[in-house]
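The next block holds one structure in the form of structure tokens; read it before the comments.
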Amino acid sequence: MHPPSVDALARSISDIDLPQPLLVDAARLAIASGDPESARQQAELLYRSLLGPTINATGVLLHTNLGRAQFGYSQSPRATNLEFDLISGKRGSRSEHAGKLIAKLIGAESAIVVNNCAAAVTLVLAALATDKGVAVSRGELVEIGGGFRVPEIISQSGARLIEVGTTNRTRLQDYASAKEIYDAALLLKVHPANYRITGFTEETSVQQLATLDLPLVVDLGSGLLDEACSWLRDGKPDWLKEEPGARQTLQAGADLVMFSCDKLLGGPQAGIIAGRSDLIAACSAHPLMRAFRAGGLILSALQETAIAYLRRDGDAIPFWKMVQTPLDELEKRANALEVGTLLATNAVAGGGALPGAKIPSFGVMLQGDHAATLRAQNPPIIARVNENTTIIDMRTISEEDDSLVSQALKKCI
Ligand SMILES: *Cc1c(COP(=O)(O)O)cnc(C)c1O
């Protein structure tokens, strides 16, 4: 018997929601493997390689592999005033909307939006310190993840790294020497967002560094806008207590702060540079700004997030809604799944933010490793597996998905 033609085989699985060329790929793969019957399975594998929604049941709020902050957004397919001033009818700036609102939220003179925090740091160093010395504490010459290493970013941007102090202790005098002896032109402070040095340690505060009369730029990374957390019903939660706010860092004397928008800000992937308007203008005028600037879709989504903050409406930002869901509500929801054993859990911020900080949560536990079954659901459910038990954490699941999760878990037992 002849194997079926690629076209006939592709047609036979056309009920799968994939465009024809991908169904043909699946048919080809199936025939090449000597098992034409597997075409449907191949198509399903292709389908599952596409970008799509998942249900995050891991308890890791900012899961890097699951797109960090959960976020939804849609916009009408119309032209926008991205770079158009509706008052004057002349060309406008793409920093006038989202950037301006973020600046207002943190009390900065000015702010610009780039693709991510790595781009923000690179741009600041390139615009303010090319061919100049940048002083950084040896305790802050870190790798953030995904290949972002502070010493490499400094050399990439054409600046000269001046290492200051020691791994565990750096004093103001160390920075002062860097200025006097090694001719530092810029001070860079990097918030240890994803690690902790404990024990015999000493770091120099932003307030102290600001006395040195050099531009001071702070890579905050995770981007808590304001330590007051006025957008949360109960204010700042305990587990955030050591996280510096962008507003407070500027108040303490930083000239610029840089941070991500898809970590503690709870917005889309982007990076912010905010602070002194003359330094922001220098960043905006640098040729790298053209390469790093955020697109209209991102700026529009970020503006929506900024407006939610201005309204002090934490529940309008999925990340903060999940953060402030009361524990007893999570317990009730876990119970209502009607499957597995109820379990008190600890959710975490994740995304390289707040290592060690535990956020009390509730979930359910199932005997055995059901990760693959749960991933095979539509949408896929991503769970935590620990010593042959599967754990579902309610903190990172939005309530609308509870019944899907319940149905999927019932299939596992
Ligand atoms: C996460 C982080 C970055 C990188 O941010 P991206 O938005 O992922 O580029 C840089 N610096 C610090 C301190 C961070 O925590």
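The values are calculated or read from the model by the stated rules, or taken from the named source; none is laboratory data. The structure displayed is predicted, hence computed values, not measured ones. Note that we place each Cβ from the backbone using ideal geometry, even for glycine, and neighbour counts take in every protein chain shown. Just the protein is used for accessible areas: all its heavy atoms, side chains included, with ligands, DNA and RNA removed. Shrake-Rupley method; radii C 1.70, N 1.55, O 1.52, S 1.80 Å.
Each Cα pair of the stretch 97-316 feeds into the Kirkwood radius, which the Stokes-Einstein equation turns, at 10 °C and 1.306 mPa s, into a diffusion coefficient of 91 µm²/s. If the segment from ASP131 to ASP226 were pulled out straight at 0.36 nm per residue, it would be longer than the present Cα-Cα gap by 30.8 nm. Are there any trypsin sites (Lys or Arg not before Pro) in the stretch 64-136 that are in a DSSP loop and have at most 13 other Cβ atoms within 10 Å? List them by number. When the trypsin sites (Lys or Arg not before Pro) of the stretch 64-136 are filtered for loop state and at most 13 Cβ neighbours within 10 Å, ARG78, LYS90 remain. All distinct Cα pairs of the chain go into the 1/r average, and the inverse of that average, the Kirkwood radius, is 23.8 Å. With contacts taken as Cα pairs under 8 Å at a separation of at least 6 residues, the stretch 97-316 carries a relative contact order of 29 percent.
The stretch 100-213 has equivalent-ellipsoid semi-axes of 22, 17, 16 Å, by the square roots of 5 times the alpha carbon gyration tensor eigenvalues, sorted largest first.
For the chain, the solvent-accessible area of protein heavy atoms averages 49 Å² per residue (probe radius 1.4 Å; ligands and nucleic acids excluded). Whole-Hz Karplus values for the stretch 364-369 come out as 10, 10, 10, 5, x, 9 Hz, taken residue by residue from phi with 6.51 cos²θ - 1.76 cosθ + 1.60 and θ = phi - 60°; glycine and proline positions read x.
Relative to one another, the C-alpha centroids of the stretch 319-337 and the stretch 363-409 are positioned 15 Å apart. Secondary structure note: in the chain, about 60% of the DSSP beta bridges are antiparallel.
Counting only DSSP beta bridges with both residues in the stretch 97-316, the antiparallel share comes to about 40 percent. Note: the stretch 10-143, Cα convex hull, 286 Å³ per residue. Filter the trypsin sites (Lys or Arg not before Pro) in the stretch 170-234 to those in DSSP coil with at most 14 other Cβ atoms within 10 Å of their Cβ, and list the result. Here the trypsin sites (Lys or Arg not before Pro) that fit, given the DSSP loop and packing criteria, are ARG196, ARG233.
Evaluated with a Cβ-only charge set (Lys, Arg +1; Asp, Glu -1), the chain carries a dipole of roughly 520 debye about its Cα centre, given to the nearest 20. Shown for the stretch 65-216: lysine pairs separated by 8 or more places, or found on different chains, whose C-alpha atoms are under 19 Å apart, numbering 4. Using a simple spin-label model with pseudo-atoms 7 Å out from Cα toward Cβ, LEU310 and GLU242 lie 3.5 nm apart. Using a 10 angstrom Cβ neighbour count of at most 15 plus a DSSP loop assignment to flag exposed chymotrypsin sites (Phe, Trp or Tyr not before Pro), which longest range of the chain is free of such sites? Segment 201-413 is the longest. Label-to-label distance, ASP234 versus LEU46, with points set 7 angstrom from Cα along the beta-carbon direction: 5.0 nm. Note on LYS358: aspartates and glutamates with a C-alpha under 12 Å away, same-chain residues under 8 apart excluded, are ASP238. Each part gets one Cα centre, and for the stretch 1-77 versus the stretch 259-310 those centres are 34 Å apart.
Put simply, the amide H of ILE381, placed in the peptide plane, has neighbours under 5 Å in ILE55, ARG375, ALA376, leaving out anything fewer than 5 places away on its chain.
Taken one residue at a time, the phi angles of the stretch 208-222 give Karplus couplings (6.51, -1.76, 1.60, θ = phi - 60°) of 5, 4, 5, 7, 7, 6, 9, x, 10, 10, 10, 8, 7, x, 7 Hz. Gly and Pro are set to x. 3J(HN,Hα) along the stretch 154-159: 5, 6, 4, 7, x, 8 Hz, from the Karplus curve 6.51 cos²θ - 1.76 cosθ + 1.60 with θ = phi - 60°, whole Hz, x for Gly and Pro. Among ILE359, LEU343, GLN377, pick out the residue whose Cα is farthest towards the positive end of the charge dipole of the stretch 313-396, where Lys and Arg carry +1 and Asp and Glu carry -1 on C-beta, about the Cα centre. Working it through, the farthest residue towards the positive pole turns out to be GLN377. Proximity of backbone amide H atoms, modeled 1.01 Å from N, is registered between LYS189 and VAL217, VAL218, ASP219 at under 5 Å, excluding neighbours fewer than 5 places apart on the same chain.
Within the accessible surface of the chain, defined with a 1.4 Å probe on protein heavy atoms only, the carbon and sulfur portion equals 50 percent.
Where in the chain are the DSSP H helices whose C-alpha atoms run 20 Å or more along the long axis and whose mean Kyte hydropathy is at least 1.0? Helices meeting the span and hydropathy rule in the chain are 296-310. Length gained on full extension, SER155 to ASN378: 75.8 nm, using 0.36 nm per residue less the C-alpha separation. Basic side chains Lys and Arg get +1 at the Cβ, acidic Asp and Glu get -1 at the Cβ, and with that the dipole of the stretch 97-316 about its Cα centre reaches some 320 debye.
Amide H contacts of THR345: SER361, PHE362, GLY363, each under 5 Å away and 5 or more positions distant or on a separate chain (H built 1.01 Å from N in the peptide plane; Pro and chain starts excluded).
Placing unit charges on the Cβ atoms of the charged side chains and taking the dipole of the stretch 97-316 about its Cα centre, the candidate lying farthest along the positive direction among ALA159, HIS286, ALA176 is HIS286.
Charges on Cβ only, +1 for Lys and Arg, -1 for Asp and Glu, centred on the Cα centroid of the chain; of LEU51, SER277, PRO318, which one is farthest towards the dipole's positive end? Positive-most Cα among the choices belongs to SER277. Restriction of the GluC sites (Glu not before Pro) in the stretch 294-370 to DSSP coil positions whose beta-carbon has at most 15 other beta-carbons within 10 angstrom yields GLU338. Our summary gives the chain a relative contact order of 19 percent, counting only alpha carbon pairs under 8 angstrom and 6 or more residues apart. Here the label points at ARG28 and LYS104, each 7 Å from Cα along the C-beta direction, are separated by 5.3 nm in the simple model.
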